[in-house]
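Asker: Structure in structure tokens, see below.
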Amino acid sequence: MTTLRGNLRLKLGNFELNSGDFELPLQGVTVLFGRSGSGKSTLLRAISGLDKNTRGSLHFAGQVWQDGKKTLAPQRRHIGFVFQDAALFPHMTVRQNLLYALKRLPKGAAQPDFDDIVTRVGIADKLDRGVNFLSGGEKQRVAIARALLTSPQLLCMDEPLSALDWRAKAEMLTLIEEVLQAYKIPLLYITHAPAEVERLADRIVFMQQGGIERVETLQQALSRPDSPLFDDEGAVSVLEGESQEIEHGLRPLKMGNRTLWLSDISELHKSRVRVRVLARDVSLALSDPQHLSIINHLSARVLELIPEGQHRMLVRLQLEDGQKLFAEITEHSARRLEITPGLELFALIKSVALAE
Amino acid sequence: MVEIFGVEVSLEPIWLTLEVAAWTTTILLVIGTPLAWWMARMQSSSKIVLEALVALPLVLPPTVLGFYLLIILNPNGYVTEFLRFFGYEGQLTFTKQGLIVGSVFYSLPFAVQPLMHAFEAVPQKLLDAAATLRAGILDRFFSIVLPLSQRGFLVAATLTFAHTVGEFGVVLMLGGNVPGETRMVSIDIFDHVESLEYDQAHILSAMMLIFSLLVLMLVYGINRRFGVKVG
């Protein structure tokens, strides 16, 4: 598999990026995650060559992008970049912004399908508008279309949703997923919102104090109880399944031989979806209870018990199809039910939300 | 010589003034643009020195500037010698060319400062975006920076032109008063007043007044139109 491999340093005023060695597969979505000031944006700028003072090394597939002081200019890296606030050219219409990318394609490069991209991104009816007359969400759509029209080898997005309201955010996440599915371009995505990570990420680069702390898959990142992805809602699990036709007013989600029922029946644009389950919404039972309002009962095996303090236990479970799930129970319940690793039991899920 | 209200007036100084001002403006836009761009992107502390140097003609009495230029550009000086080496045969003092050189120095801040501020106002993010869309450095300048700095150029051109039209001290020191060569309108008016030819002075002054007013109104008019369109 082709990778993005390197070790980058960049000093900006008082801030110093020192990434350490990294190697990222060029496939799917890699999220750069960390607090503000952790160096996510600086690392992405260094990767895309936007700062001439970058030092170190960077190899993209077979190409050398950075070698000591030698930097390959960003216009030669074939990167599509979506900035936090779109960075559309204010003196041009939407169409002119898009053509700016198209006109500068290298000779002999594959011509991207303008109509297809514009339609998919949902701006076909806005081509002749001035960019100052677009809403925040529309601006980001144009920015994404413009990035796609460069036929990029790599897409970079720097907190593209941070300036949008929740509705626009949800639409953009769906759009980003569709775009990735349609054009199969690897994506480097910056965010500090765990919900976006859970929705999009294949792997996560955790950043701290200007360096890369660790790189993990989403499953790995969600399997440690101290994951930086957990905020004040406590531990979270992400389950993936194939969505089915709506039945009894519920959305079935196939996970192996089991089905998870979702009460959210909003329209889905894809079959493979992720759901987010809070550990505190999962209860445990030793037998499958029949007379219960909770409909989601999944058989599971206990992997480990992790004391959380305040007499609470986090129980890590493995479902039949191999996916992992956290349940949060009291120490008292753990003792009463004699829960130990290896025990087979049932996880009762009180509420499931689509990840977004 | 033309007759206006029964008074014989030579319009030559006016045409000369406009010619010198036009050349100065053109040259300063060509030289000033890269200089202003360089200064706008500069981050080291030496920027202060450069900014002070460029602003110097604003504070320096024009006679001081004219005096130094007279010394530096004298026919036996290094600058003229240097130009002789490339086959230059004229001289830079008491000639039109010399006046233009002098005006370029004199009006430098009026071209560079508005351009620099216009360039500084172009968000770096837009240039970054252009780079990721495969625009090289010059491409970025012409496709993004220039169109977004239109007003800066308009202001720079007008101020440079107007300021050159109104110059007096530098012209007097460096150009003297050669009819058709260095006698600009400000000098001419001064001459008329000195020789108590108030009628001629009146007519020339009034023409300058009306001309300046018209130019400024034109510029503000255009500026306003642009203002609505760009901002």
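Asker: Have a look at B:ALA129, B:ALA55, B:ALA156 and tell me which one the Gaussian network model of chain B (Cα, springs below 10 Å) gives the largest fluctuation.
Answerer: B:ALA129
Asker: Check A:TRP65: other-chain or 5+ apart residues with amide H under 5 Å from its amide H, H built from backbone geometry?
Answerer: A:LEU58, A:HIS59, A:PHE60
Asker: Further, regarding this structure: Which longest uninterrupted range of chain A lacks any trypsin sites (Lys or Arg not before Pro) assigned by DSSP to a loop state (not H, G, I, E or B) and surrounded by at most 16 other Cβ atoms within 10 Å?
Answerer: Working: sites that count: A:ARG35, A:LYS52, A:LYS69, A:LYS107, A:ARG129, A:LYS184, A:LYS270, A:LYS350.
The segment A:185-269 is the longest one with no such site.
Asker: Determine the share of the stretch B:2-230's accessible area contributed by carbon and sulfur atoms, expressed in whole percent, with a 1.4 angstrom probe.
Answerer: For the stretch B:2-230, the apolar C and S fraction of the accessible surface comes to 70 percent.
Asker: Distance in nm between label sites at B:LEU213 and B:MET42, each 7 Å beyond Cα in the beta-carbon direction?
Answerer: In this crude label model, B:LEU213 to B:MET42 measures out at 4.1 nm.
Asker: Order A:ASP232, A:ASP116, B:ASP199 by their accessible area, 1.4 angstrom probe, all chains in place, largest first.
Answerer: On the way: A:ASP232 140, A:ASP116 55, B:ASP199 90 Å².
Most to least solvent-accessible, the answer reads A:ASP232, B:ASP199, A:ASP116.
Asker: Now a separate question. Can you list the residues, at least 5 places off or on another chain, whose amide H is less than 5 Å from the amide H of A:LEU154, using H built in the peptide plane?
Answerer: For A:LEU154, the qualifying residues are A:GLY80.
Asker: Starting from the Cα gyration tensor of chain B, take the square roots of the eigenvalues, sort them a ≥ b ≥ c, and report rounded, prolate or oblate (rounded when a/c is under 1.5, otherwise prolate if a/b is larger than b/c, else oblate). Spell out each step's value before the answer.
Answerer: Values: a/c = 2.53, a/b = 1.49, b/c = 1.69.
It is oblate, given that a/c is not under 1.5 and a/b is not larger than b/c.
Asker: Right, another one. Would you be so kind as to list the residues of the stretch A:91-121 that have their accessible area lowered by at least 50 Å² in the full protein complex compared with their chain by itself (1.4 Å probe)?
Answerer: Relative to the lone chain, where solvent access is computed with a 1.4 Å probe, the stretch A:91-121 loses at least 50 Å² at A:HIS91, A:TYR100, A:ARG104.
Asker: Over the stretch A:150-205, one equal point on each Cα, no solvent: what is log10 I(q)/I(0) by the Debye formula at q = 0.31 Å⁻¹?
Answerer: Debye curve over Cα of the stretch A:150-205, log10 I(q)/I(0) at q = 0.31 Å⁻¹: -1.54.
Asker: To continue, here is another question. First measure r as the distance between the Cβ atoms of A:VAL64 and A:SER227, then evaluate 1/(1 + (r/R0)^6) with R0 = 35 Å and state the FRET efficiency to the nearest 0.05. Kindly include the intermediate steps, with their values, before the conclusion.
Answerer: On the way: r = 35 Å, r/R0 = 1.00.
Here the calculated transfer efficiency is 0.50.
Asker: Test of the criteria: in the stretch A:217-323, which GluC sites (Glu not before Pro) are in a DSSP loop and have at most 15 other Cβ atoms within 10 angstrom of their Cβ?
Answerer: Numbers: sites: A:GLU233, A:GLU240, A:GLU242, A:GLU245, A:GLU247, A:GLU267, A:GLU304, A:GLU308, A:GLU320; in loops: A:GLU233, A:GLU245, A:GLU267, A:GLU320.
Filter output for the stretch A:217-323: A:GLU233, A:GLU245, A:GLU267, A:GLU320.
Asker: List the residues, sorted by chain then number, that are 5 or more residues from A:ARG312 or on another chain and whose placed amide H is less than 5 Å from its amide H.
Answerer: Those qualifying (amide H under 5 Å, at least 5 residues apart or on another chain) are A:GLU331.
Asker: Using the Karplus equation 6.51 cos²θ - 1.76 cosθ + 1.60 (θ = phi - 60°), what ³J(HN,Hα) coupling, rounded to whole Hz, does each residue of the stretch A:8-22 give in order, writing x for Gly and Pro?
Answerer: Going residue by residue, I get 10, 10, 7, 9, 10, x, 7, 8, 10, 8, 9, 5, x, 5, 9 Hz, with x marking Gly and Pro.
Asker: Which percent of the accessible heavy-atom area of the stretch A:3-223 goes to carbon and sulfur, probe 1.4 angstrom? The partial results should precede the final answer.
Answerer: Working: 4320 of 9340 Å².
Roughly 46 percent, rounded to a whole number.
Asker: Separate question: Would you work out if the protein assembly as shown is rounded, prolate or oblate? Take a ≥ b ≥ c from the square roots of the eigenvalues of the alpha-carbon gyration tensor; rounded if a/c is under 1.5, else prolate when a/b is larger than b/c, oblate otherwise.
Answerer: Working: a/c = 3.59, a/b = 2.90, b/c = 1.24.
It is prolate, given that a/c is not under 1.5 and a/b is the larger ratio.
Asker: Among the listed pairs A:LYS40/A:LYS70; A:LYS169/B:LYS125; A:LYS40/B:LYS125; A:LYS52/A:LYS107; A:LYS40/A:LYS69, give every one whose C-alpha distance is greater than 24 Å. Could the numbers behind the result be given before it?
Answerer: Values: A:LYS40/A:LYS70 22 Å; A:LYS169/B:LYS125 22 Å; A:LYS40/B:LYS125 17 Å; A:LYS52/A:LYS107 26 Å; A:LYS40/A:LYS69 21 Å.
Distance filter (> 24 Å) returns A:LYS52/A:LYS107.
Asker: OK, next. Return the average number of partner chain Cβ atoms within 10 angstrom of each residue Cβ along peptide B:119-132. Don't jump to the answer; show the numbers that get you there.
Answerer: Details: counts 0, 0, 0, 0, 3, 2, 6, 6, 2, 9, 15, 7, 10, 19.
Neighbouring Cβ atoms belonging to other protein chains average 6 per residue here.
Asker: OK, next. Against the longest alpha carbon principal axis of chain A, how many degrees, from 0 to 90 and to the nearest 10, is the axis of helix A:166-183 turned?
Answerer: Long axis of A:166-183 versus the principal axis of chain A: about 70 degrees.
Asker: Same structure, new question: How large is ³J(HN,Hα) for each residue in the stretch A:218-233, as worked out from phi by the Karplus curve 6.51 cos²θ - 1.76 cosθ + 1.60 (θ = phi - 60°), to whole Hz, x for Gly and Pro?
Answerer: Going residue by residue, I get 4, 4, 5, 5, 8, 8, 9, x, 9, 4, x, 6, 8, 9, 5, 7 Hz, with x marking Gly and Pro.
Asker: Rounded to whole Hz and in sequence order, give me ³J(HN,Hα) for the stretch B:9-23 from the Karplus expression 6.51 cos²θ - 1.76 cosθ + 1.60, θ = phi - 60°, writing x for Gly and Pro.
Answerer: So the Karplus estimates, Gly and Pro as x, are 10, 8, 8, 3, x, 5, 4, 4, 4, 5, 5, 4, 5, 5, 4 Hz.
Asker: While we're here: Report the FRET efficiency, 1/(1 + (r/R0)^6), for B:GLU19 and B:SER195, where r is their Cβ-Cβ distance and R0 is 30 Å, rounded to 0.05.
Answerer: Rounded to the nearest 0.05, the efficiency is 0.75.
Asker: For the residue pair B:ALA52 and A:GLU242, what label-to-label distance in nm results when each label sits 7 Å from Cα along the Cα-to-beta-carbon direction?
Answerer: Output for this residue pair reads 7.5 nm.
Asker: With +1 on each Lys and Arg Cβ and -1 on each Asp and Glu Cβ, and nothing else charged, work out how big the dipole of chain A is about its Cα centre, in Debye to the nearest 20. All intermediate terms of the calculation are to be shown ahead of the outcome.
Answerer: Working: 44 positive and 44 negative charges, 325 e Å.
Rounded to the nearest 20 debye, it is 1560 debye.
Asker: Sticking with this structure for a sec: Just give the residues from the stretch B:148-179 buried by at least 10 square angstrom of accessible area in the all-chains context relative to the isolated chain, probe 1.4 Å, and say none if nothing qualifies.
Answerer: Flagged in the stretch B:148-179: B:LEU148.
Asker: Tell me, what is the 1.4 Å probe accessible area of A:GLU138, in Å² to the nearest 10?
Answerer: Surface open to solvent at A:GLU138 totals about 40 Å².
Asker: B:PHE85 label point, 7 Å along Cα→Cβ, cut-off 19 Å on backbone N: hits in the stretch B:60-79?
Answerer: The answer is B:72-79.
Asker: Does anyone have the angle between helix A:94-103 and the longest principal axis of chain A? Alpha-carbon axes, 0 to 90°, nearest 10?
Answerer: Approximately 70 degrees, to the nearest ten.
Asker: Right, next: Just from its helices, what would the mean residue ellipticity at 222 nm be for chain B, if runs of 4 or more DSSP H residues each count -39500 (n - 2.57) and the sum is divided by every residue, rounded to the nearest 500 deg cm²/dmol? Could the numbers behind the result be given before it?
Answerer: On the way: 11 runs with 166 residues, N = 231.
-23500 deg cm²/dmol, from helical runs alone.
Asker: Given an 8 Å cut-off on Cα distances and at least 6 residues of separation, report the relative contact order of chain B as a percent. Could the numbers behind the result be given before it?
Answerer: On the way: 254 pairs, mean separation 68.1, N = 231.
This gives 29 percent for chain B.
Asker: May I pose another question? Checking an interface number: how much accessible area is buried between B and A, summed over both chains, with a 1.4 Å probe, in Å² rounded to 100?
Answerer: Details: alone 13320 and 17400 Å², together 28890 Å².
Roughly 1800 Å².
Asker: Quick one: if you stick a label point 7 Å off each Cα along the C-beta vector at B:VAL30 and A:GLN27, how many nm between them?
Answerer: In this crude spin-label approximation the distance works out to 5.9 nm.
Asker: A further question follows. Would you please state which residues of the stretch A:104-143 a label at A:ASP165 would reach in this model, taking the label point 7 Å out along Cα→Cβ and a backbone N cut-off of under 18 Å?
Answerer: A:133-141
Asker: Per DSSP H run of at least 4 residues, take -39500 (n - 2.57); add these up for chain A, divide by its residues and hand me the 222 nm value, nearest 500 deg cm²/dmol.
Answerer: Values: 8 runs with 77 residues, N = 356.
After summing the helix terms and dividing by residue count, I get -6500 deg cm²/dmol.
Asker: State in Å² the accessible area per residue of the protein assembly as shown; use a 1.4 Å probe, count heavy atoms of protein chains only, and round to the nearest integer.
Answerer: Values: 28890 Å² over 587 residues.
Using a 1.4 Å probe on heavy atoms only, each residue of the protein assembly as shown averages 49 Å².
The values are calculated or read from the model by the stated rules, or taken from the named source; none is laboratory data. These figures come from a predicted structure and were not determined experimentally. Here Cβ is always computed from backbone atoms with ideal geometry, including for glycine, and neighbour counts include all displayed protein chains. Just the protein is used for accessible areas: all its heavy atoms, side chains included, with ligands, DNA and RNA removed. Shrake-Rupley method; radii C 1.70, N 1.55, O 1.52, S 1.80 Å.
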